[in-house]
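Peer 1: A single structure is presented below for examination.
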Amino acid sequence: MQCTLLGMTLPGDTLDYTMVPRHILKGQHEWELSKVSQENWIAGFWPGILWYDYSYTHNPKIKVQAEKYTDSLHFISQLPAYDHDLGFLMFCSYGNGYKITHNPAYKDVIIRTADTLATLFNPKVGTILSWPREVASKGWPHNTIMDNMMNLEILFWAAKHGGSKHLYDIAVSHATKTMEHQFRPDYGNYHVAIYDTIDGHFIKGVTHQGYADNSMWARGQSWAIYGFTMVYRETKDKKFLNFAQKVADVYLKRLPKDYIPYWDFDAPDIPNAPKDASAACVTASALIELSTYVPSKSGTKYRKAAEKMLESLSTSHYQSRNINNAFLLHSTGHFPNHSEIDASIIYADYYYLEALIRLNALQENKSLLLE
Ligand code: GLY
């Protein structure tokens, strides 16, 4: 038996809400599901997609499913921090859910999770320890990955909605230190920054998911564009806005003709390297927001670039259509690990939907963000 939800066929005749879609590998047709857990950073995207769907369609059946999948992450808010991914996990699910329903129980979960994430902050360094497990396994005293910029949003939100003001300070400190150390002179970034815990100095930048330490891993650059745009939104500090533009400009300058990056801008086998549609989705969503914060000439540039990305993603080359059950094909998860290469991946679909909803809101002069 199979269940369908949002046009997606899921195995089984009743849904197991602790199992969420993760990817459809090349040549396969159905989503492979993965267990909701703290270690599974993608587990919030499926409930997040359902909330975005509900925000647009107001279909009560989708709301029921969004609630059930969101609830299945609740236990994560009661555990000590495993790593920085708490933001992806809980803000895409509970965050979107709260913005749409104003359910006070969701707010409590978000604030509790933000407090848990803050336990990873090292005041000597000034950033969150992204991967505690790598301290022993890799001998990195303190590591901060670019993806962690995305997880500052839950801290800002909690500080603004009844949580500790300290959460705001942590987010600003993290963004400032990341801006100062985790970028090369061309504004490409190191995926991982290693810091000393005695005096907090930056030791070195390395890669984890990119081609090389000094290469520009596409999704890492997308996280940076999105992250610094969001930090500007929350702080209104122009240094973050200027920085978001620099980080976006190098990405745009190096894009191939179809506006969808190769998985790493420095992959040696370009133009035969796999693409990463997920990076394009994250960037498109970020650029739509960025376009609203800058003077009109730059705003038009960013908006047009985002539109080109979404047009490209919406062609038969990138959309899954009748090939499989996802929205999009051609994302790359972890190339050096040989995993999820040229696949459909849940976070590509999440940010694609977010970008389309934002573009629609922009065209209708409405707020881009869920309120
Ligand atoms: N945050 C993990 C990734 O971007 O693959």
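The values are calculated or read from the model by the stated rules, or taken from the named source; none is laboratory data. All values reported here derive from a predicted model rather than from experimental measurement. Positions of Cβ are backbone-derived with ideal geometry, glycine not excepted, and every protein chain shown enters the neighbour counts.
Peer 1: Out of the residues in the stretch 318-338 that are within 16 Å of the ligand (Cβ to nearest atom) and outside any loop (DSSP other than H, G, I, E, B), which is farthest from Asp264 (Cα to Cα)? So that I can check it myself, show each step before the final result.
Peer 2: Looking only at the stretch 318-338, we keep the residues that are within 16 Å of the ligand (Cβ to nearest atom), and these are 328, 330-338.
Pick out the ones that are also outside any loop (DSSP other than H, G, I, E, B) and you get 328, 331, 334-337.
Working: Leu328: 19, Ser331: 12, His334: 11, Phe335: 9, Pro336: 11, Asn337: 14 Å.
Here the residue is Leu328.
Peer 1: Specify the residue that is nearest to the ligand (Cβ to nearest atom); the eligible residues are those in the stretch 59-79 that are part of a loop (DSSP other than H, G, I, E, B) and free of Cβ contacts under 8 Å to residues at least 40 places away in the same chain. Lay out the reasoning, then the answer.
Peer 2: Step one: filter the stretch 59-79 for residues part of a loop (DSSP other than H, G, I, E, B), giving 59, 72-73, 79.
Then drop every residue that is not free of Cβ contacts under 8 Å to residues at least 40 places away in the same chain, which leaves 59, 73.
Working: Asn59: 30, Leu73: 17 Å.
So, considering only residues that are part of a loop (DSSP other than H, G, I, E, B) and free of Cβ contacts under 8 Å to residues at least 40 places away in the same chain, the one nearest to the ligand (Cβ to nearest atom) is Leu73.
Peer 1: Is there a residue in the stretch 118-140 that is within 28 Å of Ile357 (Cβ to Cβ), at pLDDT 95 or above and not hydrophobic (A, V, I, L, M, F, W, C)? I'd like the intermediate steps shown before the answer.
Peer 2: Step one: of the stretch 118-140, the residues within 28 Å of Ile357 (Cβ to Cβ) are none.
No: zero hits.
Peer 1: Of the numbered conditions (1) farther than 24 Å from Thr332 by Cα; (2) out of contact with any Leu (no Cβ under 7 Å at 6 or more places or on another chain); (3) not β-branched (Val, Ile, Thr), Trp217 fails exactly one; give the number of that condition.
Peer 2: (1)
Peer 1: Given the criterion within 16 Å of the ligand (Cβ to nearest atom), closer than 16 Å to Gly44 by Cβ and either assigned to a strand (DSSP E or B) or among the hydroxyl-bearing types (Ser, Thr, Tyr) (or both), identify the matching residue among Tyr82, Tyr106, Tyr94, Tyr98. Quick ask: steps written out before the conclusion?
Peer 2: Working: Tyr106 fails: within 16 Å of the ligand (Cβ to nearest atom); Tyr94 fails: within 16 Å of the ligand (Cβ to nearest atom); Tyr98 fails: within 16 Å of the ligand (Cβ to nearest atom).
Of Tyr82, Tyr106, Tyr94, Tyr98, the one residue that is within 16 Å of the ligand (Cβ to nearest atom), closer than 16 Å to Gly44 by Cβ and either assigned to a strand (DSSP E or B) or among the hydroxyl-bearing types (Ser, Thr, Tyr) (or both) is Tyr82.
Peer 1: Would you check which residues across the stretch 115-134 are among the aliphatic types (A, V, I, L, M) and assigned to a helix (DSSP H, G or I) and list them?
Peer 2: Residues of the stretch 115-134 among the aliphatic types (A, V, I, L, M): 117-118, 120, 125, 128-129.
Hits for the stretch 115-134 are Leu117, Ala118.
Peer 1: May I ask you to list the residues in the stretch 135-152 that are in a helix (DSSP H, G or I) and closer than 21 Å to Val282 by Cβ?
Peer 2: Keep residues of the stretch 135-152 that are in a helix (DSSP H, G or I), which gives 135-138, 146-152.
Those that are in a helix (DSSP H, G or I) and closer than 21 Å to Val282 by Cβ: Met146, Asp147, Asn148, Met149, Met150, Asn151, Leu152.
Peer 1: For the stretch 105-128, name all the residues that are surrounded by 23 or more Cβ atoms within 10 Å (Cβ to Cβ) and over 17 Å from Leu89 (Cβ atoms).
Peer 2: Hits for the stretch 105-128 are Val125, Thr127.
Peer 1: Continuing with the same structure: Any idea which of (1) farther than 13 Å from Thr332 by Cα; (2) without any contact (Cβ under 8 Å) to a residue 24 or more places away in the chain; (3) not polar (S, T, N, Q) is the one Ala273 doesn't satisfy?
Peer 2: (1)
Peer 1: Here's a check for you: in the stretch 29-53, which residue that is assigned to a helix (DSSP H, G or I) and in contact with a strand residue (DSSP E or B) (Cβ under 9 Å, 6 or more places away or on another chain) is nearest to the ligand (Cβ to nearest atom)?
Peer 2: Looking at the filtered set, the residue picked out is Phe45.
Residue-wise test of (1) within 18 Å of the chain's Cα centre (by Cα); (2) part of a loop (DSSP other than H, G, I, E, B).
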residue: Ser215; (1), (2): no, yes
residue: Asp249; (1), (2): no, no
residue: Leu287; (1), (2): yes, no
residue: Tyr293; (1), (2): no, yes
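Peer 1: Another question, then. Please go through the stretch 103-137 and give me each residue that is closer than 28 Å to Asp71 by Cβ and free of Cβ contacts under 8 Å to residues at least 40 places away in the same chain, ordered by number.
Peer 2: Asn103, Pro104, Ala105, Tyr106, Asp108, Val109, Arg112, Thr116, Leu117, Thr119, Leu120
Peer 1: Considering only residues that are away from the ligand (no atom under 13 Å from the Cβ) and among the hydrophobic types (A, V, I, L, M, F, W, C), which ones fall in the stretch 129-151?
Peer 2: Across the stretch 129-151, the qualifying residues are Leu129, Val135, Ala136, Trp140.
Peer 1: Tell me which residues, restricted to the stretch 339-358, are over 15 Å from the mean Cα position of the chain (by Cα) and within 14 Å of the ligand (Cβ to nearest atom).
Peer 2: Ser339, Glu340, Ile341, Ala343
Peer 1: Gly220 is checked against (1) more than 16 Å from the ligand (Cβ to nearest atom); (2) in contact with a Gly (Cβ under 7 Å, 6 or more places away or on another chain); (3) in a helix (DSSP H, G or I) and fails just one. What number does that condition carry?
Peer 2: With respect to (1) more than 16 Å from the ligand (Cβ to nearest atom); (2) in contact with a Gly (Cβ under 7 Å, 6 or more places away or on another chain); (3) in a helix (DSSP H, G or I), Gly220 is out only on (1).
Peer 1: Additional query: Within the stretch 196-215, does at least one residue satisfy the condition of being polar (S, T, N, Q), buried (at least 24 other Cβ atoms within 10 Å of the Cβ) and either within 16 Å of the ligand (Cβ to nearest atom) or farther than 26 Å from Ser298 by Cα (or both)? Please lay out each step first, then the result.
Peer 2: First pass over the stretch 196-215, keeping only residues polar (S, T, N, Q): 197, 207, 209, 214-215.
This time we only want the ones that are buried (at least 24 other Cβ atoms within 10 Å of the Cβ), so: none.
Within the stretch 196-215 (the criterion being polar (S, T, N, Q), buried (at least 24 other Cβ atoms within 10 Å of the Cβ) and either within 16 Å of the ligand (Cβ to nearest atom) or farther than 26 Å from Ser298 by Cα (or both)), the answer is no, since none of the residues qualifies.
Peer 1: Given the residues Thr178, Thr229, which is the only one that is assigned to a helix (DSSP H, G or I), without any contact (Cβ under 8 Å) to a residue 60 or more places away in the chain and surrounded by 23 or more Cβ atoms within 10 Å (Cβ to Cβ)? Write out each step before concluding.
Peer 2: Numbers: Thr229 fails: without any contact (Cβ under 8 Å) to a residue 60 or more places away in the chain.
None of the other options fit; the residue is Thr178.
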